[in-house]
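Please treat every number below as a calculation from the coordinates, not as lab data. The structure displayed is predicted, hence computed values, not measured ones. Counting neighbours? That spans all protein chains shown, and the Cβs are built from the backbone with ideal geometry, glycine included.
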Amino acid sequence: LQEAQANYDVIIINPAAFTHYSIALRDAVAAIKKPVIEVHLSNIYSREEFRQKSVISSVANGVISGFGPQSYILALRAAAQLVKSG
């Protein structure tokens, strides 16, 4: 992630199962000085209770969840808007 921030204006990440418990990943995301968008194919809030908590979302600029593969397209659109708005 730290290497990616040197090459990209916005980071889009699908932390998958790490969403729920990876403090190390959360800390890595928190250290990024560029916008970060958290993406999930499924709606994590409609899943089992233990899957509804994201340790990443509090350090991400935004979360897109539940739109299947379209989630990535929405994240790219959001990223473009973030870059455009400076």
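Numbers at a glance
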| read-out | value |
| --- | --- |
| Hydrodynamic radius (Kirkwood) for the chain, which is based on Cα pairs only, to one decimal in Å | 13.0 Å |
| Lys, Arg +1 and Asp, Glu -1 on Cβ, resulting dipole of the chain about Cα centre, debye, nearest 20 | 160 debye |
| 20 Å reach of a label modelled at Ala80, 7 Å along Cα-to-Cβ, counting backbone N of region 26-54 | 35-40 |
| Low-density loop positions, chymotrypsin sites (Phe, Trp or Tyr not before Pro), region 15-86 - DSSP coil, at most 14 other Cβ in 10 Å | Tyr21 |
| Mean separation of Cα contacts under 8 Å, 6 or more apart, over the residue count of the chain: relative contact order % | 32 percent |
